[in-house]
């Protein structure tokens, strides 16, 4: 999943996908929603708390690559994940992140290829 997100993150989570969550009158988000989406996906797949997910993002190069961060990019406060989920939950399409991942996985056939076609 790390390589999949690193390669397909921008296509899965285009900037316009989050326009309704961040109206221009409120300014730009402090961290790109595309990056937060990738963190949220990895967090769910690994069954991690917000604090644990941010720790992984800070220490694990696979997480950094999957989320589009450079080696020296710093982490953020874990409360930002709560804030992001709240915005997502109250948006017009609260399931958009995981729907995009499911569609991307289906379109690329990554799971089929990983299981040897079984």
With the label point 7 Å along the Cα-to-beta-carbon line of residue 95 and a cut-off under 19 Å to each amide N, the hits in segment 40-68 are 40-42, 44-45
Does anyone have the angle between helix 50-59 and the longest principal axis of the chain? Alpha-carbon axes, 0 to 90°, nearest 10? 70 degrees
Could you put 17, 35 in order, starting from the residue whose Cβ has the fewest other Cβ atoms within 10 Å? 17, 35
Between residue 79 and residue 19, what length in nm is gained on full extension when 0.36 nm per residue of separation is reduced by their alpha carbon distance? 19.5 nm
Using alpha-carbon coordinates, inclination of helix 33-46 to the longest axis of the chain, degrees: 50 degrees
When a footprinting reagent is the concern and you count Cβ atoms within 10 Å, what order do 108, 82 take, fewest first? 82, 108
Among (1) 48, 32, 23; (2) 37, 36, 35; (3) 41, 27, 27, the entry matching Cα extents along the principal axes in Å as calculated here is (1)
What ranking of 97, 39 emerges when the number of other C-beta atoms within 10 Å of each C-beta is taken as an exposure proxy, fewest first? 97, 39
What does the C-alpha gyration tensor say about the overall shape of segment 1-58? Classify as rounded when a/c is under 1.5, otherwise prolate if a/b is larger than b/c, or oblate. oblate
Taking a ≥ b ≥ c as the square roots of the eigenvalues of the Cα gyration tensor of segment 64-108, is the shape rounded (a/c under 1.5), prolate (a/b larger than b/c) or oblate? oblate
Only Cα pairs under 8 Å and at least 6 apart count here; give the relative contact order of the chain as a rounded whole percent. 31 percent
Descending semi-axes in Å of segment 27-94, equivalent ellipsoid built from Cα gyration tensor: 19, 14, 10
Could you give the angle, 0 to 90 degrees to the nearest 10, between helix 2-12's Cα long axis and the longest principal axis of the Cα atoms of the chain? 60 degrees
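Any read-out appearing in this document is the output of simple, stated calculations on the displayed coordinates, not a laboratory observation. Values in this document were obtained by computation on a predicted structure and should not be read as measured data. Because the Cβ atoms are built from the backbone with ideal geometry, glycine has one as well, and the counts that use them run over all protein chains shown.
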